[in-house]
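Below is one structure; the comments refer to it alone.
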Amino acid sequence: MSKTPKKSGFEDALARLQKIIAALESDETPLQESMALYEEGVGLVEECARVLSEAQATLQILRTRADGAFELIDAHE
């Protein structure tokens, strides 16, 4: 019932969320369908948040040290 994105499908998940939001904001969507869409949306939001969190954790910057060697540092330093 719940569709979750693959890591490579992050943009697809966001596009699907936009469609879900539009459907939920519509007065035309029946209650049962709205409930199913809401459940699907929650799953997509959770998966997207997980992917973003993983991406943030892996961001690194290559920096040149004074001795000319390179080092990787966390992007948040």
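Kindly establish whether Ser53 is surrounded by 14 or more Cβ atoms within 10 Å (Cβ to Cβ), without any contact (Cβ under 8 Å) to a residue 12 or more places away in the chain and assigned to a helix (DSSP H, G or I).
So Ser53 fails the test.
Can you tell me how many residues in the range 22-58 are within 30 Å of Leu72 (Cα to Cα) and not hydroxyl-bearing (Ser, Thr, Tyr)?
Summing the residues that are within 30 Å of Leu72 (Cα to Cα) and not hydroxyl-bearing (Ser, Thr, Tyr) in the range 22-58 gives 11.
So that you can scan it fast, the table gives a plain yes or no per residue for (1) touching a helix residue (DSSP H, G or I) at 6+ places or on another chain (Cβ under 7 Å); (2) under 25 Å from Gly9 (Cα atoms); (3) of a type outside the set (Asp, Glu); (4) at pLDDT below 85:
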residue: Glu25; (1), (2), (3), (4): no, yes, no, no
residue: Glu28; (1), (2), (3), (4): no, no, no, no
residue: Glu33; (1), (2), (3), (4): no, yes, no, no
residue: Leu37; (1), (2), (3), (4): yes, yes, yes, no
residue: Gly43; (1), (2), (3), (4): no, yes, yes, no
residue: Gln56; (1), (2), (3), (4): no, yes, yes, yes
residue: Phe70; (1), (2), (3), (4): no, no, yes, yes
residue: His76; (1), (2), (3), (4): no, no, yes, yes
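The values are calculated or read from the model by the stated rules, or taken from the named source; none is laboratory data. Note that the coordinates shown come from a computational prediction; the quantities given were computed from them, not determined experimentally. Virtual Cβ from ideal backbone geometry, glycine too; neighbours counted across all protein chains shown.
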